[in-house]
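The values are calculated or read from the model by the stated rules, or taken from the named source; none is laboratory data. Note that this is a predicted model, so its numbers are computed, not measured. Positions of Cβ are generated from backbone atoms using ideal geometry, with glycine treated the same way; all protein chains shown enter the neighbour counts. Side chains included, ligands, DNA and RNA excluded: accessible areas come from the protein's heavy atoms. Shrake-Rupley method; radii C 1.70, N 1.55, O 1.52, S 1.80 Å.
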Amino acid sequence: MSIEAQEKRQGVALVTPALLWTLVFFAVPFGAMALMSLAHLEGREIVQGHDLGNYLRIFTDPSLRRGIFVSLEITATVTVISVLLAWPLAWIIATRVPQRWRRMVLLLAVLPFWTSYVVRSYSWALVLGEKGVVMNALVGLGLLAEPVQIMATRAATVTGFVHFFVMLLTLTIYSNLIQLSPNYARAAQDLGASQWQVIRLVILPLTLPGVMTGAFLTFVLCIGDYITPQILGGNNELTLPQLIMLQLGRRGDYPMASALSIVLMAIVTLAYAASARWLKMERV
Amino acid sequence: MTFKHSCAIAALMAGLGPAAYAEDLNALIWCDHADPELLEPFETAHDVRVNVKEYEGTAAGLTLLEQSRPGDWDVMVIDAVDVGRAVERGFLAPLPEGTAPTADYFPEVLLEDHVTINGTTYAAVEKFGYNTVAYNKSAVDPADMTSLAALWSGKYDGRIAIYDYYLPVLGLVGLNAGVDTTDLDAAALETLRDPLMQLKAASKQVSDVVGSQTALATGEVDVLIGGGEWLTAVLNAENPDLDWTIPEEGGLLWAQSLAIVEGTEKPELAAEFIKYVTSPEGQARLATSSCYWGMPANKAAGDVLSDAQKDILRWDDQAEYLTRAQLYPVPDADTDAAMQDLWTDMLQN
């Protein structure tokens with residue numbers, strides 16, 4: 001056997017476990033879900049079929065269609081706010097915090113990951129309530145005459161999400177920042193760039209892979225999350241995952257839940273396609 | 001590490017794990033049946049481990065059964081008014097004679113029309129209560145709560161939470177509009193759209209059991225439509241101001257029942273479990289379950305419950321309450337879908 005053939009065989013052998021894994025845990029379930037999305041409920045029975053009625057309903061029923069927009073609006077808001085907060089935080093940790101304190105600061109940054117998602121959301125519910133810490137402080141300081149409602153609004157959902165995703169983005173941007181050679185900044189400064197120009201024209205573009213990777217992860221995790229909007233949003237508007245859970249838990253409508261899930265996956269795929277050129281995992 | 005050490009550690013680990021039982025009983029339940037205080041005496045007496053899976057809403061329960069193999073489940077908790085639905089689809093087995101003697105039951109909750117189909121009894125009612133109005137009496141005028149109309153009056157705007165379950169709340173909205181739960185069909189449903197949307201506009205949130213309890217307990221809201229003793233009783237020790245009432249328009253009576261799942265390989269053990277849960281001791285434990293409280297269907301549980309527990313359950317008021325409460329709506333598939341569409345519209349707008 002030639003070396004080339006031997007290498008080819010080795011390559012196939014190395015790739016096969018990953019291919020099998022993808023086939024068993026992604027392709028097959030996805031196919032089953034896609035097939036289910038073409039079925040429909042008749043009374044309380046699931047009837048297998050091949051029509052696009054569920055998809056048509058998603059885009060014509062105002063309550064279902066609004067779920068897509070609510071999800072996109074919340075996810076876009078969370079992603080933008082998280083990036084705006086995380087970049088300066090990561091930059092400060094990478095460039096201003098002394099080396100010996102960095103590990104401690106990063107540890108503090110990832111602390112929110114240590115607690116359960118549900119516990120964290122209920123904690124925010126208590127903090128953001130009308131008798132919670134935030135309102136008590138604002139009213140106590142005289143900044144507000146009386147408490148305003150944050151809990152059970154979209155603002156509460158966004159707050160809960162941002163708290164988590166700022167930390168995720170900080171890590172991806174930080175790991176990108178520390179890989180940058182200080183010579184880039186020095187060269188720019190030698191050529192007369194101010195500190196602000198160095199950040200804006202040199203550092204920021206070089207950290208785009210970290211920003212985009214973190215932003216994409218934020219987008220994917222945020223748009224697929226059920227717990228945070230359910231606990232903090234007060235059911236005053238429904239996101240796609242909440243609509244999916246309604247179909248599963250209340251109606252037993254697996255076909256519609258599958259169709260909504262496929263739409264959710266399509267949105268994530270489009271987001272990936274839009275950001276793929278910047279997603280360079282090896283630089284994060 | 002030596003083999004001896006490994007064996008010692010394995011033995012220690014085994015000792016620390018859950019107790020070993022001779023067999024298992026698989027139960028599809030509501031959260032009140034997950035309380036170890038309820039299950040432990042049965043497990044010990046029969047040397048059996050009760051494996052529980054919680055579900056919410058009959059549709060979800062029936063879907064779970066549909067996707068299971070015969071023998072996967074032995075018993076299930078189900079809304080008494082939905083027993084017929086489950087029987088129609090062949091999910092429930094007849095109860096053996098004498099499984100749950102009803103001589104000591106509150107007669108109003110026997111619900112024979114619902115649990116006995118064509119002369120065969122398929123389920124035993126085990127617990128009941130009311131979906132009505134729960135409130136914080138230190139923040140709300142209790143006199144206002146004697147009428148559902150107070151929730152649409154504007155006085156409590158922004159201080160109301162809606163319990164996130166469409167059947168009882170649509171039933172209550174119907175009662176306020178003069179529609180009995182038995183008349184709640186697709187046509188009547190359309191007349192409830194506006195009052196439901198007005199109620200949503202006046203409310204701060206729509207929440208599940210835990211969310212509703214948290215909102216009432218923290219003062220986030222002062223009134224919960226759809227609430228009742230099942231929600232406030234567990235909070236009574238912490239906050240005695242949390243109260244409930246049945247307004248003059250009436251309230252919704254919920255009644256849960258326990259049934260043997262068709263295809264079980266342990267019908268005798270399943271029947272024993274139902275016998276235990278409907279016995280005075282089981283009934284008292286179920287009534288005061290850590291997840292939610294509710295009235296035991298078997299009056300004999302009164303001999304086991306303490307006076308304080310009976311006070312919280314309003315034991316002495318049941319005769320009057322039962323005359324004013326109506327059963328949950330029992331929609332056919334199309335009406336049920338229309339109800340859920342209306343509920344989704346309310347949540348989303």
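Numbers below:
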{"quantity": "Residues in region A:190-228 that a label on A:L84 would reach, taking backbone N under 11 Å of a point 7 Å out along Cα→Cβ", "calculated": "none"}
{"quantity": "Test item: B:332-341 mean partner chain Cβ contacts at 10 Å", "calculated": "3"}
{"quantity": "Built amide H within the under 5 Å cut-off of B:Y328, gap 5+", "calculated": "B:L253"}
{"quantity": "Distance in nm between pseudo-label sites at A:R9 and B:D183 (7 Å out along the Cβ direction from Cα)", "calculated": "8.3"}
{"quantity": "Two-site FRET efficiency, A:R100 against A:H50, from Cβ-Cβ distance with R₀ of 56 Å, rounded to 0.05", "calculated": "0.30"}
{"quantity": "Longest segment of chain B lacking GluC sites (Glu not before Pro) that sit in a DSSP loop with at most 12 other Cβ atoms within 10 Å", "calculated": "B:98-237"}
{"quantity": "Chain A: most fluctuating residue of A:N136, A:N236, A:N183 per GNM, C-alpha cutoff 10 Å", "calculated": "A:N183"}
{"quantity": "Residue of B:T102, B:T121, B:T63 that the Gaussian network model of chain B assigns the largest fluctuation, springs spanning Cα pairs under 10 Å", "calculated": "B:T63"}
{"quantity": "Where labels lie 7 Å past Cα in the beta-carbon direction, separation of B:A333 and A:N136 in nm", "calculated": "5.3"}
{"quantity": "Backbone N within region A:23-44 under 18 Å of label point (7 Å from A:V268 Cα along the Cβ vector)", "calculated": "A:23-37"}
{"quantity": "Cβ-based net charge around A:Y122, under 14 Å, with every Lys or Arg adding one and every Asp or Glu removing one", "calculated": "-1"}
{"quantity": "Counted charge near B:A124, where neighbours are those whose Cβ lies closer than 14 Å (Asp, Glu -1; Lys, Arg +1)", "calculated": "-4"}
{"quantity": "Hz values of 3J(HN,Hα) by residue in region B:24-41 - Karplus curve (6.51, -1.76, 1.60), Gly and Pro given as x", "calculated": "10, 10, 9, 10, 9, 9, 9, 4, 5, 7, 8, 5, x, 4, 7, 7, 4, x"}
{"quantity": "Efficiency of FRET from Cβ geometry, A:S2 and A:Q189, R₀ 56 Å, rounded to 0.05", "calculated": "0.50"}
{"quantity": "Inter-probe distance in nm under a simple model that places probes 7 Å from Cα toward Cβ, at A:L107 and A:I227", "calculated": "2.4"}
{"quantity": "For region A:38-283: rounded, prolate or oblate by the Cα gyration tensor [a/c cutoff 1.5]", "calculated": "oblate"}
{"quantity": "Low-density loop positions, trypsin sites (Lys or Arg not before Pro), region A:90-163 - DSSP coil, at most 13 other Cβ in 10 Å", "calculated": "A:R96, A:K131"}
{"quantity": "Cut-off 20 Å, label 7 Å out along Cα→Cβ of A:A276, residues of region A:1-22 by amide N", "calculated": "A:19, A:22"}
{"quantity": "Using θ = phi - 60° and Karplus 6.51 cos²θ - 1.76 cosθ + 1.60, couplings along region A:24-40 (whole Hz; Gly, Pro as x)", "calculated": "6, 9, 10, 4, 5, x, 5, x, 4, 5, 4, 5, 4, 5, 8, 7, 8"}
{"quantity": "Accessible-area composition of the protein assembly as shown, carbon plus sulfur, in percent [1.4 Å probe]", "calculated": "61"}
{"quantity": "Average other protein chain Cβ within 10 Å of Cβ, residues B:205-212", "calculated": "4"}
{"quantity": "Estimated 222 nm signal from helices in chain A, with DSSP H stretches of n ≥ 4 weighted -39500 (n - 2.57), rounded to 500", "calculated": "-21500 deg cm²/dmol"}
{"quantity": "Ranked packing of A:198-207, B:168-177, most packed first, by mean Cβ within 10 Å", "calculated": "B:168-177, A:198-207"}
{"quantity": "Global form of region A:7-157, assessed from the alpha-carbon gyration tensor, a/c cut-off 1.5", "calculated": "oblate"}
{"quantity": "Interchain or long-range residues, amide H under 5 Å from B:V50's placed H", "calculated": "B:L25"}
{"quantity": "Accessible area buried, both sides summed, chains A and B with 1.4 Å probe, Å²", "calculated": "2800"}
{"quantity": "Within 10 Å of each Cβ in B:58-66, the average number of Cβ atoms from other chains", "calculated": "4"}
{"quantity": "Pairwise FRET efficiency - A:L126 versus A:L23, Cβ, R0 = 41 Å, nearest 0.05", "calculated": "0.35"}
{"quantity": "Amide H contacts under 5 Å for B:Y130, placed H, 5+ residues apart", "calculated": "B:E229, B:W230, B:W254"}
{"quantity": "Expected 222 nm ellipticity per residue - DSSP helices of 4 or more, -39500 (n - 2.57), all of chain B, to 500", "calculated": "-10500 deg cm²/dmol"}
{"quantity": "Residue with peak Gaussian network fluctuation, chain B [Cα springs, cutoff 10 Å], from B:G129, B:G71, B:G61", "calculated": "B:G71"}
{"quantity": "Within-10-Å neighbourhood charge of B:L253 [Cβ basis; K, R +1; D, E -1]", "calculated": "0"}
{"quantity": "Trypsin sites (Lys or Arg not before Pro) lying in DSSP loop within region B:67-134, provided at most 14 other Cβ fall within 10 Å", "calculated": "B:R89"}
{"quantity": "Per-residue HN-Hα couplings for region A:72-81 [Karplus 6.51, -1.76, 1.60; θ = phi - 60°; Hz; x = Gly/Pro]", "calculated": "5, 5, 5, 5, 5, 4, 4, 5, 5, 4"}
